[in-house]
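K.L.:
Okay, here's the structure, questions in a sec.
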Ligand SMILES: Nc1ncnc2c1ncn2[C@@H]1O[C@H](COP(=O)(O)OP(=O)(O)OP(=O)(O)O)[C@@H](O)[C@H]1O
Ligand SMILES: [Mg+2]
């Protein structure tokens, strides 16, 4: 375990109401980078698209325990949905692809309570929660359970509006369910420094929310999409690629913020 690992177990929710903002790519690759640095990481997939399992090469069989059982079964325990992956220090609580968003137990604090299980705290330093691109009960659960929120965004003008909408939700959760929630940062994804619009949108986010809140971005790199297709984090599929370099830099930056 790295010396910078804080105790107790911390929870990061990766959120953006906009679809295709890079939430899952960020969740999988950041989880893998931090695991490689020695953090004991649980990647928790709240999006029934189930892409975190795909990105880690995990096949979820019918009937196996999944994280969404929390929302269909009042007795379900999160620890039962935790499985090891092929990557050291990295476990997965996979999504149930049959879960219908908008259904299930209506309790905004269900995940927060499930994460308070001492069996999880004994096993993990960090939980990274990938969220669906909708403002629903699952997103509220993630925000209510998290210590930190990480917001990936594609730097173009429509994303800026999505970020503003998410911030309104965030402030509501901070003043109601979860006063301890903090913003870890905004993460430009699929970014191209040479596109004027990308620079302008990133500058808008920095102006509105503060430059220190904008994290070192993830450049556009096809290796990130290819890594997904073969079920590996990019650091295992294409070490040395732009995507692998950028996620390593992000992980090193975040270990300082989280310490
Ligand atoms: N930096 C990048 N460079 C190139 N392609 C990327 C990059 N980041 C993500 N992608 C690709 O963009 C698509 C959307 O990314 P991803 O699935 O991570 O977004 P998401 O926010 O999780 O989407 P959803 O809202 O559907 O859950 C995927 O095909 C992914 O492979
Ligand atoms: Mg996703």
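K.L.:
Search segment 12-21 for residues being buried (at least 24 other Cβ atoms within 10 Å of the Cβ) and outside any strand (DSSP E or B), and hand back the single one that is nearest to ligand 1 (Cβ to nearest atom).
P.N.:
Restricting to residues being buried (at least 24 other Cβ atoms within 10 Å of the Cβ) and outside any strand (DSSP E or B), the top hit is 21.
K.L.:
Still on this model: Within segment 81-112, which residues are touching a strand residue (DSSP E or B) at 6+ places or on another chain (Cβ under 9 Å) and assigned to a helix (DSSP H, G or I)?
P.N.:
Those that are touching a strand residue (DSSP E or B) at 6+ places or on another chain (Cβ under 9 Å) and assigned to a helix (DSSP H, G or I): 81, 111, 112.
K.L.:
Would you mind telling me which numbered condition in (1) more than 16 Å from ligand 2 (Cβ to nearest atom); (2) in contact (Cβ under 8 Å) with a residue 40 or more places away in the chain; (3) within 26 Å of residue 55 (Cα to Cα) residue 223 fails?
P.N.:
Condition not satisfied by residue 223: (2).
K.L.:
Looking at residue 39 and the list (1) surrounded by 22 or more Cβ atoms within 10 Å (Cβ to Cβ); (2) in a helix (DSSP H, G or I), which single condition is not satisfied?
P.N.:
Result: residue 39 passes all but (2).
K.L.:
Of everything in segment 98-131, what is under 21 Å from residue 51 (Cβ atoms) and modelled with pLDDT under 95? Give them in sequence order.
P.N.:
Listed by number, the residues that qualify are 98, 99, 100, 101, 102, 103, 104.
K.L.:
Filter segment 50-66 down to residues that are within 15 Å of ligand 1 (Cβ to nearest atom), in contact with a helix residue (DSSP H, G or I) (Cβ under 8 Å, 6 or more places away or on another chain) and closer than 18 Å to residue 100 by Cβ, then give me how many there are.
P.N.:
Of the residues in segment 50-66, 1 are within 15 Å of ligand 1 (Cβ to nearest atom), in contact with a helix residue (DSSP H, G or I) (Cβ under 8 Å, 6 or more places away or on another chain) and closer than 18 Å to residue 100 by Cβ.
K.L.:
Exactly one condition in (1) touching a helix residue (DSSP H, G or I) at 6+ places or on another chain (Cβ under 7 Å); (2) more than 14 Å from ligand 1 (Cβ to nearest atom); (3) touching a residue at least 40 places away in the same chain (Cβ under 8 Å) is false for residue 38; which is it?
P.N.:
Among (1) touching a helix residue (DSSP H, G or I) at 6+ places or on another chain (Cβ under 7 Å); (2) more than 14 Å from ligand 1 (Cβ to nearest atom); (3) touching a residue at least 40 places away in the same chain (Cβ under 8 Å), residue 38 violates only (1).
K.L.:
Of the conditions (1) within 16 Å of ligand 2 (Cβ to nearest atom); (2) over 24 Å from residue 216 (Cα atoms); (3) not in a loop (DSSP other than H, G, I, E, B), residue 70 clears all except one; give me its number.
P.N.:
It is condition (1) that residue 70 fails.
K.L.:
Now, a different point. Tell me which residues, restricted to segment 113-140, are away from ligand 1 (no atom under 16 Å from the Cβ), touching a residue at least 60 places away in the same chain (Cβ under 8 Å) and outside any loop (DSSP other than H, G, I, E, B).
P.N.:
Of all residues in segment 113-140, those away from ligand 1 (no atom under 16 Å from the Cβ) come to 113-127, 137, 140.
Narrowing the set further to residues that are touching a residue at least 60 places away in the same chain (Cβ under 8 Å) leaves 115, 120-121, 123-127, 137.
If the condition is that a residue be away from ligand 1 (no atom under 16 Å from the Cβ), touching a residue at least 60 places away in the same chain (Cβ under 8 Å) and outside any loop (DSSP other than H, G, I, E, B), then 115, 120, 121, 123, 126, 127, 137 are the ones that fit.
K.L.:
Here's another thing I want to ask about it. So which helices (runs of 4 or more DSSP H) are wholly in segment 159-259 and hold at least 3 residues that are under 30 Å from residue 57 (Cβ atoms), modelled with pLDDT under 95 and away from ligand 1 (no atom under 13 Å from the Cβ)? First the steps, then the outcome.
P.N.:
On the way: elements: 196-209, 222-229, 234-237, 242-258.
Those helices (runs of 4 or more DSSP H) span 242-258.
K.L.:
May I pose another question? From the set of residues in segment 47-63 that are farther than 16 Å from residue 30 by Cβ and touching a strand residue (DSSP E or B) at 6+ places or on another chain (Cβ under 8 Å), which is nearest to ligand 2 (Cβ to nearest atom)?
P.N.:
Per the criteria, the residue is 53.
The values are calculated or read from the model by the stated rules, or taken from the named source; none is laboratory data. Computed from a predicted structure; not experimentally measured. Reconstructed Cβ throughout: ideal geometry from the backbone, glycine too, with neighbour counts over all protein chains shown.
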